[in-house]
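Each remark here refers to the structure printed beneath this line.
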Ligand SMILES: C[S@@+](CC[C@H](N)C(=O)[O-])C[C@H]1O[C@@H](n2cnc3c(N)ncnc32)[C@H](O)[C@@H]1O
């Protein structure tokens, strides 16, 4: 009997992987196949196309096709490789955190532009190292916003909050990886209100929203009185009613606490803006990422009595993506 040998060359693996993902209707299937093969082989893209005839070991080929099968079944590529690039930095991602998106880089751009403008107005050099600045990132997830800003502002100090302890664990590892952990305090919190022993919670074990904490009273902690020069946030902003239309990669694999802001999506912004107004210094800057249709609901929340210099920045698709304002 003639035994047919399987072609395990790089070229053949790429071709077969692409065919499987195309068949499964996976978006950007060629890129996904390349990333998964690079991940398995521990190589870079130049190598992949320089050595198409290289034969891949049987165990690695098996591992590759196992990942292809999982990708075809809907798992995001980033969960299979465990990483995603953001602001030129590599971030660990797990199913506990939102996969950082390219549009969130506009939050970093707007925050840095607004800080530079503040320096210009104060007749100081526009390029600052952030000395003396206190910055908060609300809903930090993987930590991508706080960490990218910490890299750009090497003397600034940060508070990064999240309601999810599992997300905070990932964010801390990312901060350590990028050597900024000593300047970022990570805190389990509902927006800016710490969750846990420091507060007198009327219903132990249940996370309180800021309104109910305020109405039931809480001990004044350092955090309660801490003021910031910049507050940035990419809150959950998808409407639960939009869930059926989401790609399965998102709906079935990313944390729902990171995706859904309520039935409509924009519900968290009111508390976020009220809390930020309480926690910003005069001329402090608020930078918020918006959902694709959030602007009409969110912009009116910036009451003229508290905010000035309100600006909207579109993303590359022309969608109003970042809302920024200054505390009066
Ligand atoms: C859209 S994700 C953003 C993650 C990350 N900042 C980014 O831009 O990729 C929103 C994050 O907010 C967190 N979150 C949701 N509700 C929150 C709340 N009430 N207080 C603090 N964090 C919250 C979620 O756990 C999630 O990590």
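The values are calculated or read from the model by the stated rules, or taken from the named source; none is laboratory data. Treat the numbers as computed from the prediction; the structure is a model and nothing was measured. Backbone-built Cβ (ideal geometry, glycine too); neighbour counts: all protein chains shown.
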* Structure fact -> Checking 176, 104, 94, 140 in turn, the sole residue that is modelled with pLDDT of 95 or more and within 17 Å of residue 228 (Cβ to Cβ) turns out to be 140
* Could you please find all residues in region 301-327 being in a loop (DSSP other than H, G, I, E, B), modelled with pLDDT of 95 or more and out of contact with any helix residue (DSSP H, G or I) (no Cβ under 9 Å at 6 or more places or on another chain)? => 318
* Would you check which residues across region 17-43 are without any contact (Cβ under 8 Å) to a residue 12 or more places away in the chain and more than 25 Å from the chain's Cα centre (by Cα) and list them? => 19, 22, 25, 42, 43
* Are any of the residues in region 264-273 more than 15 Å from the ligand (Cβ to nearest atom), within 19 Å of residue 159 (Cβ to Cβ), in contact (Cβ under 8 Å) with a residue 60 or more places away in the chain and surrounded by 15 or more Cβ atoms within 10 Å (Cβ to Cβ)? -> no
* Structure fact -> Residue pairs within 9 Å by beta carbon, gap of at least six or interchain, first lying in region 146-173 and more than 23 Å from residue 129 (Cβ to Cβ), second modelled with pLDDT under 95 and surrounded by fewer than 18 Cβ atoms within 10 Å (Cβ to Cβ), listed first then second, are 163/207
* Within region 148-197, track down each residue that is within 12 Å of the ligand (Cβ to nearest atom), assigned to a helix (DSSP H, G or I) and more than 18 Å from residue 108 (Cβ to Cβ). => 165, 166, 167, 168, 169, 170
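In a strand (DSSP E or B) and under 22 Å from residue 121 (Cβ atoms) - does that describe any residue in region 263-280? Walk me through it before giving the result.
Step one: filter region 263-280 for residues in a strand (DSSP E or B), giving 280.
Narrowing further to those that are under 22 Å from residue 121 (Cβ atoms): 280.
Within region 263-280, one or more residues are in a strand (DSSP E or B) and under 22 Å from residue 121 (Cβ atoms).
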* To do: Residues being free of Cβ contacts under 8 Å to residues at least 40 places away in the same chain and in a helix (DSSP H, G or I): count how many of those fall in region 44-83.
  => 14
* Please tell me if residue 142 is under 17 Å from residue 171 (Cβ atoms) and either within 16 Å of the ligand (Cβ to nearest atom) or assigned to a loop (DSSP other than H, G, I, E, B) (or both). => yes
* Those residues of region 90-127 which are surrounded by fewer than 20 Cβ atoms within 10 Å (Cβ to Cβ), assigned to a loop (DSSP other than H, G, I, E, B) and over 11 Å from the mean Cα position of the chain (by Cα), in sequence order -> 94, 95, 122, 123, 124, 125, 126, 127
* Structure fact -> When (1) assigned to a helix (DSSP H, G or I); (2) farther than 24 Å from residue 324 by Cβ; (3) at pLDDT 85 or above are applied to residue 213, the one that fails is (3)
* Structure fact -> In region 30-51, anything at pLDDT 95 or above and either surrounded by 17 or more Cβ atoms within 10 Å (Cβ to Cβ) or within 17 Å of residue 19 (Cα to Cα) (or both) is listed as 30, 31, 32, 33, 34, 35, 36, 37, 39, 40, 41
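Considering 93, 56, which residue is closer than 30 Å to residue 12 by Cβ and away from the ligand (no atom under 16 Å from the Cβ)? Talk me through it step by step, then tell me what you get.
Working: 93 fails: away from the ligand (no atom under 16 Å from the Cβ).
Being closer than 30 Å to residue 12 by Cβ and away from the ligand (no atom under 16 Å from the Cβ) holds for just one of 93, 56, which is 56.
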* **Any chance residue 288 is surrounded by 18 or more Cβ atoms within 10 Å (Cβ to Cβ), under 14 Å from residue 230 (Cα atoms) and either touching a residue at least 24 places away in the same chain (Cβ under 8 Å) or in contact with a strand residue (DSSP E or B) (Cβ under 9 Å, 6 or more places away or on another chain) (or both)** => yes
* Asked: Of all residues in region 224-249, how many are within 13 Å of the ligand (Cβ to nearest atom) and touching a residue at least 60 places away in the same chain (Cβ under 8 Å)?
  -> 6
